[in-house]
Amino acid sequence: MKYNIDFEIAAFIISFLTLAYYLASPKLKNRLSYLFFAIGIIATVVPVLNITALISDGVGQDSFIYSVNIFYQILLHALPLMSVFYILELTGNLTGLKYKYALAIIFPYFVLVLIILTNPFTGLVFYTDEGRFVAGPLIGIFYIVYFLYIGLCLFVMFSPNQKVRSKYKCTYIVMLMVQAASLCIQYLYPKYQVIDFSLSLSVLFTYIAMQPSAELTDPLTKALNYFALDSLLSDNINRKKPFIILGYSIDELRHINEVYGEDWGNELLTNISHTLSTAGQIARIYGNEFYVIIKGNKTTDEVYDFAEKLPKTFKIKNYEIPIGATIVIADSIYFKSSEMLIEFMEFNIRHLKDEAGEKILVIEKKQIDSFNRRQQVVNAVTRAVGEHQLDVYYQPIVDAYTGKMTGAEALARLNDPVLGWISPGEFIPVAEQTGLILELGKCVREKVWLLLSEYDIERAGLSYISVNLSSIECIQKTVMEEIVNESKKYNVKPELVAFEITESAAVASKEILAYNINTLRENGFKFYLDDYGTGYSSMSSLISLPFSVIKFEKSFIKLAMEPMRGDLVKRIISPMQVYGVRVIIEGIEDESLAGKARSWGVDYLQGFLYSEPLPKDAFIQYTGIEKKIKKSEKTKL
């Protein structure tokens, strides 16, 4: 048979160029890199051996063809075996692999090697006939073992404890499918040598998938970049090599660049990088954050001492520039993945920046537990939003003097099947920090629209349902457009809905907020200023933004129970009412608080004295609201 060697030549060129580029490019010194290098070497040598054997077919010596083909077969079938170990390392399963499983993986290849080495005596795999290569009766077993290793790779990729990223998983699955297809083609059409070609493509795409950046270092500081850091952390965590990580964030890099210029800022970054690198392997991620991997059985106390001694100023061109930094130190034993570690470090750096006092934090178990709890809450909110399992409770708001209910506030409640009841004080901030607040807010509004579309609250004496808008929602033009469209979709009169906005949102984004408020007011919606008196009070917010009602936060009344303080509150409230602004006080738990609020001249009261927040069915029963009469029913009447 005359064999086509075009695919073999292409396989050699692809493997050789990929390996050459790999050797010439920066690389991480970890087990994954060593495995890739070994696979690359074999994938380059294999087509050379096959080309040699095929060219010699019919013209060479039997002994030469035998030796070349034996070597070729041993190396060729080592590649799928090594691919299994590469996937195991990639998914973080190689370190914990038990010896009996490792031996079970190697055993099929060991059997093949024995068959290949005994082939000169048996001729079961191949033999020569007048100098030509002829497949033996057991050649099919090689295909079976190859398919076995492909199946094993897929099994590892889809195992429950795999840690490979989805974008890499897709690449490897496609490559394994290409190899399976090439085996079928090779078996059906032996003269086309396509197996080695598919392997060379696998080597190429593996390198592309695992090397998204041509460089592994930051051009300015020569520290490792994010990709390199992530790979090293994964390697050390998967292999259970303990280390301490130090996160260092410059507090005012933008200010330094503005005052001294970017050249000085860059020199500062270089100096800091050099100083931190004395402790361990350093990486720079983002503009102002560095991470240092510290090995050598160092303790967190020793690393804390190093952090305390870091310079508070850096000398640049004979100037001493003061540097404020936030530093977080953590032990790797607490983390199961590089993603978790980096996310945890970033979370603590971000929150430590906002605190006064010492800016060095050594992570203890309580911080890990708090972070894990936060992650669980994130998952709970995600589930609730995705599965529409978020509950909405309604708390009545009453007239301060008649006790008659005039409205109600819609409040999000979360009863997770895994964590149980989660307080709004816990899941609302998490939703805001993760961006889930937009979907959460949409879920709350949807349930309010449904209530208002089905029930006639006006006949029961209620004039509105108020809904909270977060700071993030307030500045989103798309959210305002969604609200208008939603009210039309559910056929709800806009005047039945009031949106409560916190003072922090009013102060932080006044111009954008004013535009969005006016947009919705033109469509008939009302706006309340919520949590007045929590520390962000601004009279300019009251004057410039069209709020019809102001709500005093519940702690306000408890702080103002003394006569002199109460008189001051009354003086604050009176001018508001002169200009037509109504006042609600929350947190009314007993009659004494209600009496004090009435003495100040407030308009409405809200609190447990009148009702706790009620689920929808209980709220309907409590208020006595009835379903709307449909047009078809009116016609019958």
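Compared with the dominant principal axis of the Cα atoms in the chain, helix 31-56 is inclined by about 40°. Beta bridges per DSSP, both residues in the chain: antiparallel share near 60 percent.
SER182 sits among other residues whose Cβ lies under 13 Å from its own Cβ, and their net charge, with Lys and Arg +1 and Asp and Glu -1, is -2. Cross-linked pairs LYS295/LYS353; LYS98/LYS241; LYS404/LYS627: Cα-Cα separations exceed 24 Å for LYS295/LYS353. Applying a threshold of 19 Å to the alpha-carbon distances of LYS447/LYS488; LYS222/LYS298; LYS493/LYS551 flags LYS222/LYS298; LYS493/LYS551 as lying beyond it.
Compute the angle between helix 78-90 and the longest alpha-carbon principal axis of the chain, please, reported from 0 to 90 degrees and rounded to the nearest 10. Value to nearest ten degrees: 20. Neighbours of ILE620, meaning other residues whose beta-carbon lies under 15 angstrom from its beta-carbon, give a summed charge of -1 when Lys and Arg score +1 and Asp and Glu score -1. Dipole orientation for the chain: of the candidates LEU117, SER337, THR478, LEU117 has the Cα lying most toward the positive pole (charges on Cβ; Lys, Arg +1; Asp, Glu -1).
Normalising by the residue count of region 162-313, find the relative contact order in percent from Cα pairs under 8 Å and 6+ residues apart. It would help to have the intermediate numbers written out before the result.
Numbers: 131 pairs, mean separation 31.9, N = 152.
Relative contact order comes out at 21 percent.
Basic side chains Lys and Arg get +1 at the Cβ, acidic Asp and Glu get -1 at the Cβ, and with that the dipole of the chain about its Cα centre reaches some 860 debye. Each other residue within a Cβ distance under 13 Å of PHE499 adds +1 if Lys or Arg and -1 if Asp or Glu, for a net charge of -3. Simple rule: put +1 on each Lys or Arg Cβ and -1 on each Asp or Glu Cβ in the chain, find the dipole, and look at VAL381, GLY261, PHE243; the Cα lying farthest toward the positive end is VAL381. Once the Cα atoms of helix 477-489 and of the chain are each reduced to a long axis, what angle between those two axes, in degrees from 0 to 90 to the nearest 10, is obtained? Long axis of 477-489 versus the principal axis of the chain: about 70 degrees. Per-residue packing, averaged as other Cβ atoms within 10 Å, sorts the ranges 286-296, 116-126 into the order 286-296, 116-126, beginning with the highest.
When all alpha-carbon pairs of region 17-126 are counted, what percent fall beyond 18 Å?
Roughly 61 percent, once rounded to a whole number.
As a rough guide to protection, the peptides 94-102, 402-410 ranked by mean Cβ packing within 10 Å, highest first, stand as 402-410, 94-102.
Every read-out reported here was derived from the displayed coordinates using simple, explicitly stated rules and does not represent laboratory data. Quick caveat, the model's predicted, so the values are computed rather than measured. Note: ideal-geometry Cβ built from the backbone for every residue, glycine included; neighbour counts use all protein chains shown.
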